[in-house]
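Novice: Below is the structure I would like to discuss, written out as structure tokens.
The values are calculated or read from the model by the stated rules, or taken from the named source; none is laboratory data. These numbers come from a predicted model, not from an experiment. Cβ coordinates were reconstructed from backbone atoms using ideal geometry, including for glycine residues, and neighbour counts include every protein chain displayed.
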Amino acid sequence: MEGLLLKGDCLQVLKDIDNNIADLIIVDPPYGVLTNGKVVKKGNYEIDDYFEWDMLEDLQQFTTEWFEKLYNKAKEDSFIYIFWSQKYMRMGYEIFNPDRVIFWHYKNLTLGGNGDFSYDYDPIFVVKKGNPKLSKGKHSSILQFTKPQSN
Ligand SMILES: C[S@@+](CC[C@H](N)C(=O)[O-])C[C@H]1O[C@@H](n2cnc3c(N)ncnc32)[C@H](O)[C@@H]1O
């Protein structure tokens, strides 16, 4: 089986990919939560340099643009999974109009406190193009995973 890795700005790269060819799409896009205009020192990095790709002028416009292009690449009756943030849940609903939401629950690396609930889950939006089906058996919509830690 051969693979092909395309590297570049997704808005450009997606133009070169035929429509209706993907059996499955999984996206882990920028979701605008890694910086808050603050420069935080972390190891050898200042965090807003390290996560420069997450500092978008207009998250909604960028996300709408890539999603429209990407949706056309999916075959009929296929799933699209999009990792997203709890913080911009409403924006995600508006843009992706998901059929289901999977909750990725993690117990480490949680932000929060200060009188508010912790951010200890993130949504994974499930968009069904057509009427795709999971394999037989039960599939929980709550995933328990440890969030990867950066060094
Ligand atoms: C949430 S991270 C995903 C990280 C990935 N799952 C990994 O383990 O490396 C979002 C990624 O989108 C990339 N990115 C940001 N803007 C992009 C664009 N316009 N086109 C393609 N990739 C982009 C960033 O470089 C970053 O690696």
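Novice: Need pairs with beta-carbon distance below 8 Å; first residue loosely packed, with under 10 Cβ neighbours inside 10 Å and within segment 7-24, second among the basic types (Lys, Arg); sequence gap 6+ or separate chains.
Specialist: Lys15/Lys69; Asp18/Lys73
Novice: Hey, does segment 66-86 have a residue that's part of a loop (DSSP other than H, G, I, E, B) and within 13 Å of the ligand (Cβ to nearest atom)? Talk me through it step by step, then tell me what you get.
Specialist: Of all residues in segment 66-86, those part of a loop (DSSP other than H, G, I, E, B) come to 72-73, 84-86.
Filter once more, keeping what is within 13 Å of the ligand (Cβ to nearest atom): 84-85.
Yes, that holds for at least one residue.
Novice: If I filter segment 40-47 for residues that are at pLDDT 75 or above and either more than 16 Å from the ligand (Cβ to nearest atom) or touching a Lys or Arg at 6+ places or on another chain (Cβ under 6 Å) (or both), do I get at least one hit?
Specialist: Within segment 40-47, the first condition is being at pLDDT 75 or above, and the residues that meet it are none.
Checked against the condition, which is being at pLDDT 75 or above and either more than 16 Å from the ligand (Cβ to nearest atom) or touching a Lys or Arg at 6+ places or on another chain (Cβ under 6 Å) (or both), segment 40-47 yields no hits at all.
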